[in-house]
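The values are calculated or read from the model by the stated rules, or taken from the named source; none is laboratory data. What you see is a predicted model, and the numbers here were worked out from it, not measured in a lab. Reconstructed Cβ throughout: ideal geometry from the backbone, glycine too, with neighbour counts over all protein chains shown. Side chains are part of the model used for accessible areas, which takes the heavy atoms of the whole protein and leaves out ligands, DNA and RNA. Shrake-Rupley method; radii C 1.70, N 1.55, O 1.52, S 1.80 Å.
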Amino acid sequence: MTSKSNLSYRQRAADHPNPLVRKLFAIAEKKRTNVVLSADLTTTKELLAIADSLGPYIAVLKTHIDILSDFGSHTVEGLVDLARRHNFLLFEDRKFIDIGNTVQKQYKGGALRIHEWADIVNASILAGEGIIQALDQTIRDGGSAERGILILAEMTSKGSLAVGEYTRASVEIARKYPQSVMGFVSTRELSSHSPGAAPNEDFVVFTTGVNLSSKGDALGQQYQTPTTAMEGGSDFLIAGRGIYASEDSVAAVKQYQKAGWEAYERRISQNRG
């Protein structure tokens, strides 16, 4: 199977069955960006401020909503308003990992109200297929086509056990839930190299640990550049501290936007040639 990642976002959106993926590709094309900002901030004020200032340059804002010290309705309302104003999606990096019944309650209910506002969530299959089944059921029962799941198929932390059979199983499970599973968090494109790929299969790849300058941190994070990530089949580049912790975060996000888009254009130009 030839990888769909060699096609443009516009080409992939034309016949993609998932409406949220089509929306994501349209955002990327319109704004000429494949940057996912990982905004690991601890107060609503800080989170909304960075979302407002950097929102024009990103395709997706990734949150860890449970690290906020003051989460409330003002957080949700602020995020939804900014996502609409600046045209980006909201991705709550919850990494669901529990039995299906518990995950449904964490996703749909609870204090964080994740299903109400997050376009995208992610989950590990360590607890088995039931976790994806539970999220899929909640999305379908909720009547919202524009909600999606990313399966955490690989991680960039040193010594990660999300490898081998775990990664292969992630792909196999994803294929069973095409209405809700939009793709993977992984270091590379996975499905075209996996047995059983359908001819038109097109999973989106979000890659974490993208940094223009750093090789890693003291806690085991390992980075790659926008160029290496795109060459490996990544579609969207998750960057955090390299942007929001810089002295000029707007200048930084523009650098990532430019580097990521140029790497994407190089990749699809090879297909044209």
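Judged by the mean number of other Cβ atoms found within 10 Å, the most tightly packed of the peptides 122-134, 56-68 leads the ranking 56-68, 122-134. The calculated FRET efficiency for the pair Thr43 and Ala198, based on their C-beta separation and a Förster distance of 35 Å, comes to about 0.20. A crude spin-label estimate for the pair Val80 and Arg266, with each label 7 Å from Cα along the Cβ direction, gives 4.1 nm.
When Lys and Arg each count +1 and Asp and Glu each count -1, what net charge do the other residues less than 12 Å away from His74, Cβ to Cβ, add up to?
Details: positive: Lys45; negative: Asp70, Glu77, Asp81.
Counting the neighbours of His74, the net charge comes to -2.
May I ask you to derive the relative contact order of the chain, considering only C-alpha pairs under 8 Å and at least 6 residues apart, and to give it as an integer percent?
Details: 500 pairs, mean separation 55.2, N = 273.
Reported as a whole number, the value is 20 percent.
Would you mind getting the accessible area per residue of segment 9-270, heavy atoms of the protein chains only, 1.4 Å probe, in Å²?
So segment 9-270 comes to 43 Å² accessible per residue, rounded to a whole number.
Percent of accessible area on the chain owned by carbon and sulfur, 1.4 Å probe? Don't jump to the answer; show the numbers that get you there.
Details: 6030 of 12050 Å².
So the carbon and sulfur contribution to the accessible surface is 50 percent.
Distance from the C-alpha centroid of segment 90-154 to that of segment 228-268: 27 Å, rounded to the whole angstrom. In straight-distance terms, cross-link reach from Lys254 covers every one of the lysines whose alpha-carbon lies under 21 Å from its own, apart from those fewer than eight places away in the same chain; here that gives Lys30, Lys31, Lys62, Lys215.
Using packing as a proxy for protection, rank 33-44, 255-266 so that the peptide with the highest average count of other Cβ atoms within 10 Å comes first.
Values: 33-44: 22.3, 255-266: 19.2.
In descending order of packing, they fall as 33-44, 255-266.
Taking Cα centre as origin and charging only the Cβ of basic (Lys, Arg, +1) and acidic (Asp, Glu, -1) residues, the dipole magnitude of the chain rounds to 600 debye.
Go ahead and estimate [θ] at 222 nm for the chain from helices alone: -39,500 (n - 2.57) per DSSP H run with n ≥ 4, summed, over the residue count, rounded to 500. All intermediate terms of the calculation are to be shown ahead of the outcome.
Details: 11 runs with 113 residues, N = 273.
After summing the helix terms and dividing by residue count, I get -12500 deg cm²/dmol.
Between Gln11 and Glu247, the contour length at 0.36 nm per residue exceeds the alpha carbon distance by 81.2 nm.
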